[in-house]
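The values are calculated or read from the model by the stated rules, or taken from the named source; none is laboratory data. It should be emphasised that the depicted structure is a prediction, and the values quoted were computed from it without experimental measurement. Cβ placement follows ideal geometry from the backbone for every residue including glycine, while neighbour counts extend to all protein chains displayed. These accessible areas exclude ligands, DNA and RNA; they are computed on the full protein's heavy atoms, side chains included. Shrake-Rupley method; radii C 1.70, N 1.55, O 1.52, S 1.80 Å.
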Amino acid sequence: MLNLTKRQSEIYHIIKSQGSMEVRDLIPRFDASAATIRKDLTALAQGGLIFRTHGEVHLAGQNERMLPFASRSSLRTEAKKTIAELAVREIQEGESILLDSGSTTLEIAKLLGEFQQLTVITNSLPAVLAIQNPQISIIIVGGIFLGQNLSIQGPEAERYLSQIEVDKAFICSSGVRRDVGLVTSNSLEGRIKHSMIQAARRTYAVLDSIKFQTSSIELFADFSEIDCIITEKAIQDPLQQARLAQLGTRVLIPETCDT
C-alpha cells in the first residue's frame, strides 16, 4: 500500500474526481510551492496512481488509451526503452517478425538499425517510419486506418495475417486481466493482436509493469498463448506469478536477461 501524505491524498482525490486536469490549474489549490506540488505528483505517478503528459495529469488506468499516440509515447519512456532493449536481444538475423502497434513496439522499431537481414511486418505507421534501415524488408499490413493509434486494423488486415507465418511476434497490451491474460479497450485492436499471435511461432508480450495493475474490456489472449513476457521489473501479483509458472511462460526482466 502506498503511504500518502495528507496533501498527496487530497491531490489524488481531486485528479480522481476530474479524470484529468492541467497541472497549472491544480497548483493554486494548495498552500505549497509549485515545486512541492510537482514532487507530490511525481510520488503519485511512481506509485501508479496517476500518469503525466506534457502539462497534464491523468488518473491511471482510465484515460491513457484515449490519449493520442504521441501523448502515450511520452509515458514511462525509460521502462519502454528497457523492455525494447531486452526484446531486440531475442531477434536473430534473417528472421521475420511482427510488430504490433504500440508505444513499446515503437521503441523496438527504433533499435533495429543494426540488423543486416530482417523482415518486419507491422500495422504501425510510427514503427515503419522509425526503422531507419534500407536493408530491412518492411511489409505494412493493409486495412482500416485508425488515427487515434496511427495503426491499421480491420478484416483485411486480419485476413492477411491469417495467411502468413513468422518467427516471432511482439505484442502490446492495454493491461492484464488478473491471472487470465492480455486485454485491450478496442475490439478491432483485440482481433488483430490475436491474429498476430496466431501467425507467429513464438509470441512475446512487451508490457511495462503498470500494465499488470490495469485491466480493460476486451480479452484478446490467454496467458497460455504467450511464450514470453518482457517487462522492466518483476511481476508482483502472486496469482499472475503462479499462473505463468504453471504454464512455463518465460518472464524476461533486466535482472534475468542473461538466463
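Counting each pair of different Cα atoms once, what's the Kirkwood radius of the range 92-202 in Å, rounded to one decimal? Walk me through the numbers on the way to the answer.
Details: mean 1/r = 0.0712 Å⁻¹.
Its Kirkwood hydrodynamic radius stands at 14.0 Å.
Would you calculate a helix-derived [θ] at 222 nm for the chain, using -39,500 (n - 2.57) for each DSSP H run of n ≥ 4 and dividing by the full residue count, to the nearest 500?
Working: 10 runs with 92 residues, N = 259.
Result for the chain, helices only: -10000 deg cm²/dmol.
Could you give the angle, 0 to 90 degrees to the nearest 10, between helix 187-199's Cα long axis and the longest principal axis of the Cα atoms of the chain?
Taking the Cα atoms of the chain, the angle to 187-199 is about 40 degrees.
Which Rg and Dmax, in Å, describe the Cα atoms of the range 146-235?
Using the Cα atoms of the range 146-235, the pair Rg, Dmax is 12.7, 38 Å.
With a 1.4 Å probe and every protein chain left in place, tell me how much accessible area LEU247 has, in Å² to the nearest 10.
Answer for LEU247: close to 70 Å² accessible.
Karplus couplings for the range 118-131 from phi (6.51 cos²θ - 1.76 cosθ + 1.60, θ = phi - 60°), rounded to Hz, Gly and Pro as x?
Residue by residue, the range 118-131 yields 7, 10, 10, 10, 8, 10, 9, 5, x, 5, 4, 5, 7, 7 Hz.
Enumerate the lysines that LYS110 could reach by cross-link, defined here as Cα to Cα under 19 Å, with residues fewer than 8 away along the same chain left out.
LYS80, LYS81, LYS168
With a probe of 1.4 Å, find how much accessible area the range 79-198 has per residue, and write the answer as a whole number in Å². Please report the intermediate quantities before stating the final value.
Numbers: 4740 Å² over 120 residues.
Per-residue accessible area for the range 79-198 comes out at 40 Å².
Obtain the nm distance between the two label points defined at VAL128 and ASN3 by a simple spin-label model: each point lies 7 Å from its Cα along the Cα-to-C-beta direction.
Distance between the two pseudo-spin positions: 5.2 nm.
If you place +1 on the Cβ of every Lys and Arg and -1 on the Cβ of every Asp and Glu, how big does the dipole about the Cα centre of the chain come out, in debye to the nearest 20? The partial results should precede the final answer.
Details: 27 positive and 30 negative charges, 142 e Å.
For the chain, the charge dipole is close to 680 debye.
What is the packing order of peptides 105-116, 8-19, 28-39, taking the mean over residues of other C-beta atoms within 10 Å and listing the highest first? Display every interim value, and only then the final one.
Numbers: 105-116: 19.8, 8-19: 15.5, 28-39: 12.2.
Going by the mean number of other Cβ atoms within 10 Å, highest first, we get 105-116, 8-19, 28-39.
Which three extents, in angstrom, do the Cα atoms of the chain have along their principal axes, listed largest first?
60, 39, 33
Within the accessible area of the chain, what % is carbon and sulfur when the probe is 1.4 Å and the other protein chains stay in place? Each step should come with its number before you reach the end.
On the way: 5980 of 12260 Å².
That share works out to 49 percent.
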